[in-house]
Amino acid sequence: MLALPEGAEYVMQDLKPIPLSALQHYAFCPRQCALIHNEQLWADNWHTAKGNVLHQRVDQGLPETRKGVRYERSVHVHAPQLRLVGQLDLLEVDLASGKFTPVEYKKGRSKTSDWDRIQLCAQAMCLEEMKEIRVDEGALWYWQTRRRECVVFDDALRMQTLIVIEQVATLFDSLRVPRAVYGKHCLACSLIDVCNPLWSRNDKSILYIENLFGEDDEEASE
Ligand code: SF4
């Protein structure tokens, strides 16, 4: 996907589309992403329930126009070349200039990592593919701090986003579930009971299976 030959046609119908949410799941933990999207497992906890409540509030708003800006909520996007599908929380359209600004609502606060920005950039790239336009900026709105953060979609962020999409695509196509890597984040994971990371860390049968099927198999499962 990164080295797209010019004029190439993409036949994506045999490939499972990547939901935009999978990029966040992958950022949190590749194993969680695989459990949700390759194994279709899901469980809610306090964090996911709070996120659901926030998004329900955001999604309920009707489209409206204020001061020359059209506000569209729960905007569906589908970008076959990027292999992405999903929904934008909010799309602002400046009626005078035709400028599109995707806005993503987050329940927490601004982070030092780029993951929220990558998810937003992926939304912008979906809009670009669908509408054949350029989207230069978006915004993240953090519920906890009530702050709106402007995000510029520069070349570096776009490249980072493409790399993550590629990593998630590889995970999807492998149909594998990577081994658990226990960390502090596991305590906030809604799938901790399903994943059982401490148990699988000590489970020597995984090594046995990997030895049985050889080195290639081990690499593919990481
Ligand atoms: S419990 Fe930890 S290792 Fe398991 S899926 Fe969740 S974050 Fe990943």
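Of the residues TRP115, TRP199, only one is among the aromatic types (Phe, Trp, Tyr) and touching a residue at least 40 places away in the same chain (Cβ under 8 Å); which?
From the options TRP115, TRP199, the qualifying one is TRP115.
Kindly list the number of the only condition in (1) surrounded by 13 or more Cβ atoms within 10 Å (Cβ to Cβ); (2) in contact with a Lys or Arg (Cβ under 7 Å, 6 or more places away or on another chain) that fails for THR145.
Every listed condition holds for THR145 apart from (1).
Is there a residue being aromatic (Phe, Trp, Tyr), surrounded by 13 or more Cβ atoms within 10 Å (Cβ to Cβ) and modelled with pLDDT of 95 or more anywhere in the stretch 166-173?
Among the residues of the stretch 166-173, at least one is aromatic (Phe, Trp, Tyr), surrounded by 13 or more Cβ atoms within 10 Å (Cβ to Cβ) and modelled with pLDDT of 95 or more, which makes the answer yes.
From the residues in the stretch 168-180 that are on the phi < 0 side of the Ramachandran plot and out of contact with any helix residue (DSSP H, G or I) (no Cβ under 7 Å at 6 or more places or on another chain), which one is nearest to the ligand (Cβ to nearest atom)?
THR170
Could you tell me whether LYS184 is over 18 Å from the mean Cα position of the chain (by Cα) and open to solvent by 70 Å² or more (accessible area, probe 1.4 Å)?
Answer is yes for this residue.
When the residues of the stretch 28-45 are filtered to those that are away from the ligand (no atom under 11 Å from the Cβ) and open to solvent by 30 Å² or more (accessible area, probe 1.4 Å), which remaining residue is modelled with the highest pLDDT?
GLN40
Only one of these is within 16 Å of the ligand (Cβ to nearest atom), hydroxyl-bearing (Ser, Thr, Tyr), open to solvent by less than 70 Å² (accessible area, probe 1.4 Å) and at pLDDT below 85: SER190, SER221. Name it.
Within the list SER190, SER221, the selection yields SER221.
Looking at THR48, THR112, THR101, which one is surrounded by 13 or more Cβ atoms within 10 Å (Cβ to Cβ) and modelled with pLDDT under 90?
Going through THR48, THR112, THR101 in turn, the sole match is THR48.
The values are calculated or read from the model by the stated rules, or taken from the named source; none is laboratory data. The structure presented is a predicted model; accordingly, all values stated were derived computationally and were not measured. Don't worry about glycine lacking a Cβ; one is built from the backbone with ideal geometry, like all the others, and counts go over all protein chains shown. Ligands, DNA and RNA are excluded from the accessible area calculation, which covers all protein heavy atoms including side chains. Shrake-Rupley method; radii C 1.70, N 1.55, O 1.52, S 1.80 Å.
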